[in-house]
1. Quick check: is even one residue across the range 89-104 closer than 18 Å to residue 37 by Cα, aromatic (Phe, Trp, Tyr) and at pLDDT 85 or above?
2. If you scan the range 36-92, which residues turn out to be among the basic types (Lys, Arg), open to solvent by 80 Å² or more (accessible area, probe 1.4 Å) and either more than 27 Å from residue 124 (Cα to Cα) or within 13 Å of the chain's Cα centre (by Cα) (or both)?
3. Of everything in the range 38-69, what is free of Cβ contacts under 8 Å to residues at least 12 places away in the same chain and of a type in the set (Gly, Ala, Ser)? Give them in sequence order.
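The values are calculated or read from the model by the stated rules, or taken from the named source; none is laboratory data. Quantities reported herein were computed from a predicted structural model and do not represent experimental measurements. A quick note on method: Cβ atoms are made from the backbone with ideal geometry, for glycine too, and the neighbour counts reach across all protein chains shown. Heavy atoms of the whole protein, side chains included, go into the accessibility calculation; ligands, DNA and RNA do not. Shrake-Rupley method; radii C 1.70, N 1.55, O 1.52, S 1.80 Å.
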Amino acid sequence: RFTKISTILALSLAIGFLGCTTDKKVEAPKQERIEKNLVPPKAELTGQNFAVELTDLKVAMVVDKASKEITETPNLRGRIKITNISKDVLDIQGLTLEYLDAAGKPIGFTSGEKIAKVYPFWKAVKPGEITEGSLDVTIPRMAVKGKALEKIEINLVYVPSPLKRETLTLDGKVE
């Protein structure tokens, strides 16, 4: 009786271990992340109140390996340095980017694309002061895919700070 139970148990374990093994094939990813440099990868621009330096500009995108189609909205990434060249304190709210083709017309985002072309900055900058940060915004597929991008227009949104401050001292005691 003990031998019968042992044999059944051994057969059950053997079938369990050998019968349940399946060859699972690991599929290669169908998409890949590609990074391309923006040409030129560095730009220095000067406006009336600000000097802006953009460096390490790259476009990051996810591409289907088979069709080579861009599957997600591409991102423009890099570093930004803003210098206040005015004589006033300027309160930077953010910056927006507009992507232009050879004719100077805006390249629009298509339906379903994620739009994040506004980059909040929220920083008061004194005259001569420099502020730096990372840039991470979306760029239309058509600007990358059709190589239609010719120019990027940067709009710096700021509030001039005409506020003056004065400190007064009051003599006083608690008795």
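1. Scanning the range 89-104, I find at least one residue that is closer than 18 Å to residue 37 by Cα, aromatic (Phe, Trp, Tyr) and at pLDDT 85 or above, so the answer is yes.
2. Taking the range 36-92 and keeping what is among the basic types (Lys, Arg), we get 36, 42, 58, 65, 68, 77, 79, 81, 87.
From what's left, open to solvent by 80 Å² or more (accessible area, probe 1.4 Å): 36, 42, 65, 68, 77, 79, 87.
The answer is 36, 65, 68, 77, 79.
3. 67
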